[in-house]
Amino acid sequence: MKALVHTAPLKLEYVDWPDPIPAPDEVLVRVAAVAICGSDVHGYTGTTGRRIPPIIMGHEASGVVEAVGRQVTGWPRGTRVTFDSTVYCNECPECRRGRINLCEKRQILGVSPPAFRRHGAMAEFVAVPHWILHRLPDGLSFEEAALVEPAAVALHAARITPIEPGGAVVVIGAGAIGLLAMQAAKLRGAGKVVVVDVREERLLLATQLGADAVVNSQSGDPRDALETATGRPSVNVVFEAVGIQQTVQLATDLTAPGGNLTLIGNVQPSIEQNLQAIVSKELTIRGSAASAGEYPACLAFLAAGRFQVGPLISRVMPLADGQTAFDALRRGEPGLLKIVLRPEPGATSPEVANV
Ligand SMILES: [Zn+2]
Ligand SMILES: [Zn+2]
């Protein structure tokens, strides 16, 4: 098959690669669309240690069932699917409690920390265990279905956070996850949702997607702007979707005494925080990792038009042009949010008779 392989820092090569052979409990998926995640862009620079070459990245994808291992039933060839980014074991105590994002043996598709290497979906085919697959509703395009993964990440964060019905919520960061978290907070009953960013074009998109107010944290004190929008300089629920020192600090500042701050962003490995502010305001700070069972709800919301991912897709490009796409995202070209890559249709089916 053809695959987009990350071969060295800042380098991607579109090359011939051995076809994945599905294990007896796996399904071979013919990839139709795969989105580039912010973590992929950070990863290919070689600075995060989570994309060790050679690795095929890609954990936000959709496609059709091409073949199944001999133990797999119920997934006919041609079924339109997406799949979880977490390959969980389905057997450990965490998996049995439904906390599959914390599975003791979990691997993430297209990620290679020192402990494992699991190739992802930036290729014509990818093999995944059958229990991580989800059927696509009719009418949902492959491009949109590739964004179910980040949508599930956002919905998970909103689900584990105690959002009061009708309560005001702040989302820091209007990247893909922030824009999805804003929508997820509304789906979970939030009232006014205020989105904070430093890029006007992103704030405009936030407004188009339903933000009740937007704040550019570089023009004036964000607490004043928040007070204008909600009547208070801080709110009970804040989502942080950037993951650097400055924005986590801002998130702490904008969380009201006794409030809840949920951290989704994860860029800087360690940051310094104002301990006194956290303790004296008695803040509850929680991390939110990937998703744990939110795919079905996400797919239902998408099918019903209550969750919008389409406006986040800025470009659809051939998988062969992956290097160009990654470089454009790394440079932060204006107007660019999500790029979805599509392998050439019609790849020859791999020989899987022996599985
Ligand atoms: Zn991602
Ligand atoms: Zn497990």
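The table below gives the values:
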item	result
Rounded, prolate or oblate (a/c below 1.5 giving rounded, otherwise prolate when a/b exceeds b/c) for the stretch 153-287 by Cα gyration tensor	rounded
Highest to lowest packing among 236-243, 221-228, 90-97, scored as the average C-beta count within 10 Å	236-243, 221-228, 90-97
Dipole magnitude of the chain about its Cα centre (Cβ charges: Lys, Arg +1; Asp, Glu -1), debye to nearest 20	480
The chain, helix-only ellipticity at 222 nm - DSSP H runs n ≥ 4, -39,500 (n - 2.57), divided by all residues, nearest 500	-7000 deg cm²/dmol
Radius 14 Å from Cβ of Gly78, net charge of other residues (Lys, Arg +1; Asp, Glu -1)	+2
Within straight-line cross-link reach of Lys2, lysines at Cα separation under 19 Å, skipping those fewer than 8 residues along the same chain	Lys11
Shape call, the stretch 20-158: gyration tensor on alpha carbons, a/c limit 1.5	rounded
Mean separation of Cα contacts under 8 Å, 6 or more apart, over the residue count of the stretch 153-287: relative contact order %	21
Contour minus Cα-Cα distance for Ala304 and Arg286 (0.36 nm per residue)	3.5 nm
Farthest toward positive dipole pole in the stretch 153-287 [+1 Lys/Arg, -1 Asp/Glu at C-beta], among Ile160, Val198, Ile285	Ile160
Sites Ala320 and Phe116 - FRET efficiency at Förster radius 30 Å, r taken between beta-carbons, to 0.05	0.65
Size of electric dipole in the stretch 153-287: Cβ of Lys, Arg +1 and of Asp, Glu -1, about Cα centre, debye, nearest 20	400
Stretchable slack from Gln273 to Asp25, in nm (0.36 nm times residue separation minus alpha-carbon distance)	84.8 nm
Beta bridges by DSSP in the chain, antiparallel share as percent, to the nearest 5	55
Cα gyration tensor, the stretch 56-124 - rounded (a/c under 1.5), prolate or oblate	oblate
Net charge, Asp221 excluded, C-beta distance under 12 Å - Lys, Arg +1, Asp, Glu -1	-2
Summed side-chain charge close to Pro137 - residues other than Pro137 whose Cβ falls under 12 Å, Lys, Arg +1, Asp, Glu -1	0
Sparsely packed trypsin sites (Lys or Arg not before Pro) within the stretch 246-320, loop by DSSP, other Cβ within 10 Å at most 16	Arg306
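Bear in mind that the values in this text are calculations on the coordinates, not laboratory data. Since this is a predicted model, take the numbers as computed values, not measurements. With ideal geometry, Cβ positions are generated from the backbone for all residues, glycine too; neighbour counts draw on all protein chains shown.
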